[in-house]
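Notes follow the structure.
The values are calculated or read from the model by the stated rules, or taken from the named source; none is laboratory data. Everything numeric here is computed off the predicted structure, so don't read it as measured data. Reconstructed Cβ throughout: ideal geometry from the backbone, glycine too, with neighbour counts over all protein chains shown. Calculation scope for accessible area: heavy atoms of the full protein, side chains included, ligands and nucleic acids excluded. Shrake-Rupley method; radii C 1.70, N 1.55, O 1.52, S 1.80 Å.
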Amino acid sequence: MVWEGASLWMLASEHHAADVRSHAHHAIQITFGLEGGFELCADGTCLTGPVVAIDSDTRHTFQGRGAVAFLFVAPESAAGIALAATFFRQGPLASLTSQPVRDTRVALQHCFHSEASDEALRDLGRKIIAELAIGAGASRPDPRVLGMIGYAAKNLEDRITLPAAADHIHLSPSRARHLFAAHTGLSFKAYVLWLRLERAVQLYADGASLTEAAHQAGFADSAHLSRTFRRTFGLPAAALRLAGN
């Protein structure tokens, strides 16, 4: 399930272990073990489930067997800022053990076994993020950065340039470039690529083929999408299989 600033993935590997090579992505990732077990490793530290969070833009590996849920949160969103301030004070990898986290895991397990509707999963994802971000006391993101992100998100099928995005928020390209990097930790070009990936995953989840998803998200072709997906998530895009497809 994909919605503004976040997505929720549920994946199962019943017959063999999943071994995902070193990769990094822009979103904060919270991994919930639903069945079996998993291990996440980053910066020489390895943590096992049941719930582990990893900071944005952190190279990591994943090994697991059974079923897991991945909750991805955009780090420049208000919720992402709050989660980062709460979870990553000691480093980019954190084991989450609070009672609200444990309750959340139980709710995700119930959804997994009951084959919950898309709407129910999306509502649960939003609820989880809201509950985990409560009380962190983080500041809101710069509205000009959000304006650039919004401009890019509305024009993913077209060629998106930094000067055009800068003009949208009434800044010079140089000022917009530095502002964007300071608040997101990424270049504008790299962030647009992340938005394209999110859009492609959403389109694929809605029933589009990989080729259709690639073109509508602004990739040159499905091969370009597959290369980018593998580089980002450590897996080929074709490995993403959804129930009912």
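Can you tell me which of 215-225, 40-50 comes out highest on packing, and rank the rest after it, using the mean Cβ neighbours within 10 Å? Don't skip to the answer; put the middle values down first.
Values: 215-225: 17.7, 40-50: 15.6.
Highest mean packing first, the order is 215-225, 40-50.
Test of the criteria: in the range 22-93, which trypsin sites (Lys or Arg not before Pro) are in a DSSP loop and have at most 11 other Cβ atoms within 10 angstrom of their Cβ?
For trypsin sites (Lys or Arg not before Pro) across the range 22-93 that sit outside H, G, I, E and B with at most 11 neighbouring Cβ atoms in 10 Å, the list reads 89.
How much area per residue is accessible in the range 1-80 when the probe is 1.4 Å and only protein heavy atoms are counted (Å²)?
Working: 3070 Å² over 80 residues.
In whole numbers, the range 1-80 has 38 Å² accessible per residue.
How large is the Kirkwood hydrodynamic radius of the chain, in angstrom, based on all distinct alpha carbon pairs? It would help to have the intermediate numbers written out before the result.
Numbers: mean 1/r = 0.0537 Å⁻¹.
Its Kirkwood hydrodynamic radius stands at 18.6 Å.
Once both axes come from the Cα atoms, what is the angle between helix 99-114 and the longest principal axis of the chain, in degrees from 0 to 90, rounded to 10?
80
Mind giving me the FRET efficiency for residue 154 and residue 89? R0 is 41 Å, r the Cβ-Cβ distance, nearest 0.05 is fine. Walk me through the intermediate numbers first.
Numbers: r = 35 Å, r/R0 = 0.86.
Result of the calculation: an efficiency of 0.70.
Considering only protein heavy atoms and a 1.4 Å probe, what is the carbon-and-sulfur percentage of the accessible area of the range 53-155? All intermediate terms of the calculation are to be shown ahead of the outcome.
Working: 2640 of 5120 Å².
Summing carbon and sulfur atoms, their accessible area is 52 percent of the total for the range 53-155.
Tell me the relative contact order for the chain as a rounded percent, counting alpha carbon contacts under 8 Å between residues six or more apart. Mind showing how you got there, number by number?
Working: 396 pairs, mean separation 45.7, N = 245.
After rounding, I find 19 percent.
Work out, in µm²/s and without decimals, the Stokes-Einstein translational diffusion coefficient of the range 105-245 at 25 °C, 0.890 mPa s, Rh from Kirkwood over C-alpha pairs. Working shown, then result.
On the way: Rh = 17.2 Å.
Reported coefficient: 142 µm²/s.
In degrees between 0 and 90, to the nearest 10, how far off the longest principal axis of the chain does helix 173-184 point, with axes built from Cα atoms?
It works out to around 20 degrees.
Please quote Rg/Rh for the range 125-203 to two decimal places, taking the Kirkwood radius as Rh and restricting both calculations to Cα atoms.
Values: Rg = 14.1 Å, Rh = 13.8 Å.
So for the range 125-203, dividing Rg by the Kirkwood Rh gives 1.02.
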